[in-house]
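The values are calculated or read from the model by the stated rules, or taken from the named source; none is laboratory data. A quick note: this is a predicted structure, and the numbers were derived from the prediction, not measured. Cβ: placed from backbone, ideal geometry, glycine included. Neighbour counts: every protein chain shown. Side chains are part of the model used for accessible areas, which takes the heavy atoms of the whole protein and leaves out ligands, DNA and RNA. Shrake-Rupley method; radii C 1.70, N 1.55, O 1.52, S 1.80 Å.
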Amino acid sequence: LDNMIIGRVLGMEALGLYYFARNAGLGFSLTLINAINSALYPNLCAVKDNAIELKSRFVSNLKKIALIAVPLISLQAGLAFIYVPIVFGDQWLNAVPILTLLCLSALPRPLAESASALTLATDRINLDFKWNIVFTVIFIVSVSIAVSISLIAVASTILIIYVVSHPLYLAYVWRQVFGDAAQPASQEA
């Protein structure tokens, strides 16, 4: 949706710059996150009926994900000023600040992805569905406002949205699944 909004408001040249930054900045990061999370869901499903083991595995997996994702994504973001001109050419130097911000927006994404895997493994898909609706509305509204300022504002806004919302979603899911008031999924309304 961000591409459509940017293309409509800022035109094709800005969209091209943003599209390059998004793909170059998030391509590797999102592939890494998806690969890690593809193993998380079945790992959680295997112990979904044992709350203590589920919690232990979830925390252990979050730590492993952080140990892999945080250094690699940070390194990619930090080295963008070096590798973009070498790999893609000097014509893309203007995209580097946008690329860096979008790349950094991948840092909190494993939190929400892990929370989603936890909701699916514990038959709480309704939480994930509601989350995705709320997040999409926030994303569209925020990007629609930021695009009137600049591409840097869009990238900064996206980073802020992820940094704020994804830890909150993880905390909410944690409370729903592991909190004292958490009910078994079969008893949820």
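For the chain, list the DSSP H helices whose alpha carbon atoms reach 15 Å or more along the long axis and whose average Kyte-Doolittle value is 0.0 or above?
Helices meeting the span and hydropathy rule in the chain are 12-45, 51-78, 109-121, 125-146, 151-178.
If I compute mean projected area of the Cα convex hull in nm² from the structure I just sent, which labelled value in (1) 10.4; (2) 14.9; (3) 11.0 lines up?
Here mean projected area of the Cα convex hull in nm² agrees with entry (3).
Counting only heavy atoms of the protein chains, get the accessible area per residue of the chain (1.4 Å probe) and round it to a whole Å² value.
Per-residue value: 53 Å².
On the accessible surface of the chain, probed at 1.4 Å, how many percent belong to carbon and sulfur atoms?
66
Setting aside same-chain residues fewer than 8 positions from K63, which lysines have a Cα under 23 Å from its Cα?
Cross-link targets: K48, K55.
Based on the mean of other beta carbon atoms within 10 Å per residue, what is the order of 24-34, 103-113, 78-88, most packed first?
Averaged packing, sorted descending, gives the order 103-113, 24-34, 78-88.
For n ≥ 4 DSSP H runs only, could you compute -39500 (n - 2.57) per run for the chain, divide by its residues and tell me the 222 nm figure to the nearest 500?
The helix contribution divided over the chain gives -27500 deg cm²/dmol.
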